[in-house]
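Worksheet: the structure to be examined is printed underneath.
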Amino acid sequence: MNGILNYILWLPIIGMIGVLLTPKAKENAIRMITLVTTGVTLALTVVLFLKFDNAATGMQFMVQVPWIEQFHINYTLGVDGITLAMTFLNALLFFICTLSSWTVHKSVKGYFALLLMLQSTVFGVFFSLDFFLFYVYWEVMLLPMFFLIGIWGGENREYAAIKFFLYTFFGSIFMLVGIIALYYASGKGVDSFSILAHQGGKYTQLTVDVFGTTFSFERLFFWFMFLGFAIKVPIFPFHTWLPHAHVQAPTAVSVILAGVLLKMGTYGFLRIAFPIFPMAAVENSTIIAVLGLISVIYGAFCAMAQDDVKKLVAYSSVSHMGFVMLGLSAMTIQGMSGAVLQMFNHGTSTAMMFLLIGILYERSHHRWIVKPDGSKGFGGLYTQLPKYSVVFIIGMFASLGLPGLSGFISEALIFLGMYQRFTTITVIAVVGLLIGAAYLLWMFKRMFFGEVNPDCKEYEDMNKREIFYMLPLCACVIYFGIFPGPLLDVMKVSVGQLVDLLAKFS
Amino acid sequence: MIQQLLGFLSFYIPEVMCIVLMTTLLVAEASVKEEHGSRDKIYTYALVVLGLTLIPLLQNLGKAPVIIFHNAITIDPFSTMIKIIMVLGTMGSIYLSRSSKDIYTNLKSEFSIMAVGVLIGGMLLASSNNMLTLYLGIETLSILSYVMSSFKRDDATSTEAGIKYALYGGLTAGVMLYGISHLYGMLGTIQFVEMIPKLAALQGGDLAIVMVSFLLFFAGIGYKVSCFPFHMWSPDVYQGAPIPVTSFFSIVPKLGGLAALVRVSMIFFANESLLSVSWIGLMLVISAMTMTVGNVTAIGQTSVKRLLAFSSIGHIGMMILGVVVLNDVGVRAILFYGVVYMFMTLIVFYITSHLSDMYGTDSQDVFRGLIYKHPLMAVIMVSVLFSLAGMPPFSGFIAKFNIFSVIIEKKYYGIAIVAGINSVISLYYYMKLAKIMVFGQPDGEEKISGFTTANQAIILALFIPVVFLGVFWDKMMTIAGDATIFIK
């Protein structure tokens, strides 16, 4: 069992090599290789889930191999409860995305090869327990994304791809400076690149001089790390790359972007920024909460103003990721658990929304709720596409937080966790939930009810393949809405450790 | 006496081999008939001899440093490593010149002669141990470079490049000599070893004069490595000169100049003093400005050669940061950067040269839709561009990582941020080129022709280190680390 993380991490790369060796013309073989690879990976993560010991503290399934011995850089992998939820999400979404990408016909070989490479790098980010390895995966992940958006994207894809890449790279440079500073602060010892060894608030007393001014090491580099992760999440005011990237990206890439890549940012807070700089995190929790709140409200209002349904969902991601930041800033067990749960639930519900929009787009070739000339883009879809509408309703209600579906539990936990610490912010944030309901329902009304738009009469309902890949997501959304227990149990110990650590500094 | 000289020569074999090569090439060129067969022999001969010089060089790499020719030359692992990089760069450029249409057929063997001559200058510069050999090295390097840059005699830009290069070079060499003569006047010696204690004893006004003299002295080196504010010549020269010459210029003279800069900095300024503090300040400003000017100006370029010229200015700015820290790890970072930079530069120029030969221009448009025309070429070029920008898993990232690492160790956080933002800027223009190659649609159905198996093999062979050193760089760092031994 010890090497299971290695298998999960490298299997997609093996699949990628398989795809690259297949002749270009055999498109179905390429699709099947990808499907089998992601399927086996998913099965392996399920095994990982079952073998995971919920009661054990610390990392499990650790793998450690020396890599660059002079610098004490190791190839270290491991999972804890927080990682495990993300791992499962990643494996599930890639499997589904492979199925949904069946309709991609442009350079099939390159597309699936890049998709598999992306999956491996995302696993790498979540598994890495070595700073150097983490940074390498964090950056390499940008390469397949850049090409996936830039080649298979919409009209304005080049601009979106470059903006996405540059923005993230800008943030990661600050992170890199932080990582190297930590390396020297810990004395270049054996553990100096190990993420775990830095945790626990070891740098509260250290100071640094920059341009003749003395700063606290902890406070300065907390903000360096913050910048790197905040751009990824993205928190207001760093969110401007997101709508472009989402709108231009092909469906599957939007799903991955919203489903797992954004979580890498909040995962960075959970694994790196908070445990390594707990004092600064506690001190600045109000700032984080306020930025989270602005993301929630501002994202929701932006979503409401959109005429492009994909852009609407993209802004709703900004809003929902704001809830995650609110949960993190609470620094209580409920708030943190709620945040991790929200990371998972947002992954499934937004994935549903983007997939559904993709399905519709394949039929309509546009995404306008209201076309630029003022006429309605869709109308009366409910009568035309009954199956589609049912799935859409499930996804939408999960997204807006209807009790009984997954979004509700996580948002409720977040509010519960943060009420005592930030009462006012909680009250305002609840309004964000209301605006969320408003824009989603308004969108639904305009698209699905009312007079049937003549164009919509020719649309076919969902086919079997589409229903097949939507089913697991529907199941997740409903099951974890009623029984969030399995996920909460898994992350309980890991979140508890972090909250205990932060409690020492508040 | 004779015996002593012969003993010295045993350390000087690589240089002697190059000198013999250059003279024999001159004779062979004069006697060759205008047939392709014999020209090929000249190439093979030059490449084989250059390859053979690697053997004594590699042997010298392990030896303890020595001073030969009465304090004029020092052979230490540092200079040897730089020489290895320069020899490899020369071999790459000579190989490129063979197929390039930018070099006229009747000038092809002359290219080899000139390149070997510049290489000799570079070697002299890298192992100079007094001000005179340093100056000689720079001049040998420069004078042949002027000729090389105007190789396309009937082309206005190439001629302009030659004249510009010569004027700039003449001026800065003069300024440098002026600085050296001041130093000689103040200290009474040109030997590095004897200058050190005398520098340490300087006080007050004398110190000020020496500072100014070093500033003047820096002009010469600054011009060779083309750092701000002496970089003005390089875009025009790079654009005007034939591509093999450009690729040669961005490796050999730059690394030679950098080696001299490292040596001078390490010898005179490694000890804490007022002089070293002001030198560090100068280097910090120079590197920040060099990076920023190079990268920002590169954004608007449409000519690929010009873009690469500005980007190489950016890279030099980055490498100078390794000088700022004035310690062994800084030198190690520079050496590693140098190796990686050489491979990346050669690949980029190989591909640019081939495309520019095919379409007759080096505008960015020749890269449009390359992924559809020649996937291998496009994938390698895109990877190398990302490597140049410092993206993992390529070795360009490790090179930058090491530079970041040494400056952060010395707690220069401010300059680290400047360097980081420069990486972002450089990523932008590399990405723009990558974008044209991958996202652009080709104009027609035509494929890239004439990119032979041999060329593909060469490119792949150059590409493997770019990837390999990005993942398994432990060994290379050890080699570079061992090569930081100086005579101080």
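The values are calculated or read from the model by the stated rules, or taken from the named source; none is laboratory data. Predicted model only: the values in this text are computed from it and were never measured. Counting neighbours? That spans all protein chains shown, and the Cβs are built from the backbone with ideal geometry, glycine included.
Values as computed for the structure displayed
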item: Qualifying positions in region B:453-486 - closer than 30 Å to A:ALA161 by Cα, β-branched (Val, Ile, Thr) and more than 10 Å from chain A (Cβ to nearest Cβ); result: B:ILE459, B:ILE464, B:VAL466, B:VAL467
item: Considering residues of region B:409-430 that are within 25 Å of A:PHE217 (Cβ to Cβ) and buried (at least 23 other Cβ atoms within 10 Å of the Cβ) only, the residue farthest from the chain's Cα centre (by Cα); result: B:ALA416
item: Residue check, B:VAL438 of a type in the set (A, V, I, L, M) and closer than 23 Å to B:SER303 by Cα; result: yes
item: Residue within region B:186-198 that is surrounded by fewer than 19 Cβ atoms within 10 Å (Cβ to Cβ), hydroxyl-bearing (Ser, Thr, Tyr) and free of Cβ contacts under 8 Å to residues at least 24 places away in the same chain present; result: yes
item: Test: residue in region A:192-202 that is surrounded by fewer than 24 Cβ atoms within 10 Å (Cβ to Cβ), within 12 Å of chain B (Cβ to nearest Cβ) and outside any helix (DSSP H, G or I); result: yes
item: Filter pass, B:THR80 being closer than 30 Å to B:THR478 by Cβ, assigned by TED's automatic domain parsing to the domain that holds B:ILE180 and not in a helix (DSSP H, G or I); result: no
item: Filter result for the condition that a residue is within 29 Å of A:THR383 (Cα to Cα), of a type in the set (Val, Ile, Thr) and in contact (Cβ under 8 Å) with a residue 40 or more places away in the chain, over A:ILE428, A:ILE435, A:ILE409; result: A:ILE435
item: The listed residue being buried (at least 19 other Cβ atoms within 10 Å of the Cβ) and out of contact with any Cys (no Cβ under 6 Å at 6 or more places or on another chain), out of B:LEU376, B:LEU433; result: B:LEU433
item: Top-ranked residue of region A:152-178 - restricted to ones that are farther than 30 Å from B:ILE408 by Cα and within 19 Å of the chain's Cα centre (by Cα), ranked as farthest from the other protein chains (Cβ to nearest Cβ); result: A:ALA160
item: Pair list, Cβ under 9 Å, 6 or more apart: region A:179-190 residue at the interface with another protein chain (Cβ under 9 Å from one of its Cβ atoms) and within 17 Å of B:LYS400 (Cβ to Cβ), other residue surrounded by fewer than 22 Cβ atoms within 10 Å (Cβ to Cβ) and modelled with pLDDT under 85; result: A:ALA181/A:VAL208
item: Inter-residue pairs, beta-carbon under 8 Å, first within 20 Å of B:MET319 (Cα to Cα) and in region B:70-89, second charged (D, E, K, R) and assigned to a loop (DSSP other than H, G, I, E, B), 6+ apart; result: B:PRO77/B:LYS63
item: Within region A:42-84, tally of residues that are assigned to a loop (DSSP other than H, G, I, E, B) and within 14 Å of another protein chain (Cβ to nearest Cβ); result: 1
item: Given (1) closer than 19 Å to B:GLY121 by Cα; (2) part of a helix (DSSP H, G or I); (3) in contact (Cβ under 8 Å) with a residue 40 or more places away in the chain, number of the condition B:LEU61 does not satisfy; result: (1)
item: The lone exception for B:GLY450 - which of (1) at positive phi; (2) buried (at least 18 other Cβ atoms within 10 Å of the Cβ) it fails; result: (2)
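Yes or no, residue by residue, for (1) outside the structural domain of B:ASP206 (by TED's automatic domain parsing); (2) closer than 14 Å to B:ALA260 by Cβ; (3) not acidic (Asp, Glu):
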site	(1), (2), (3)
B:SER93	no, no, yes
B:LEU96	no, no, yes
B:ILE103	no, no, yes
B:ASN106	no, no, yes
B:ILE113	no, no, yes
B:ASN130	no, yes, yes
B:GLU160	no, no, no
B:LEU183	no, no, yes
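For (1) buried (at least 19 other Cβ atoms within 10 Å of the Cβ); (2) assigned by TED's automatic domain parsing to the domain that holds B:ASN130; (3) part of a helix (DSSP H, G or I), each residue gets a yes or a no:
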| position | (1), (2), (3) |
| --- | --- |
| B:GLY222 | yes, yes, yes |
| B:CYS227 | yes, yes, no |
| B:ALA260 | yes, yes, yes |
| B:ALA288 | yes, no, yes |
| B:MET291 | yes, no, yes |
| B:SER311 | yes, no, yes |
| B:ILE320 | yes, no, yes |
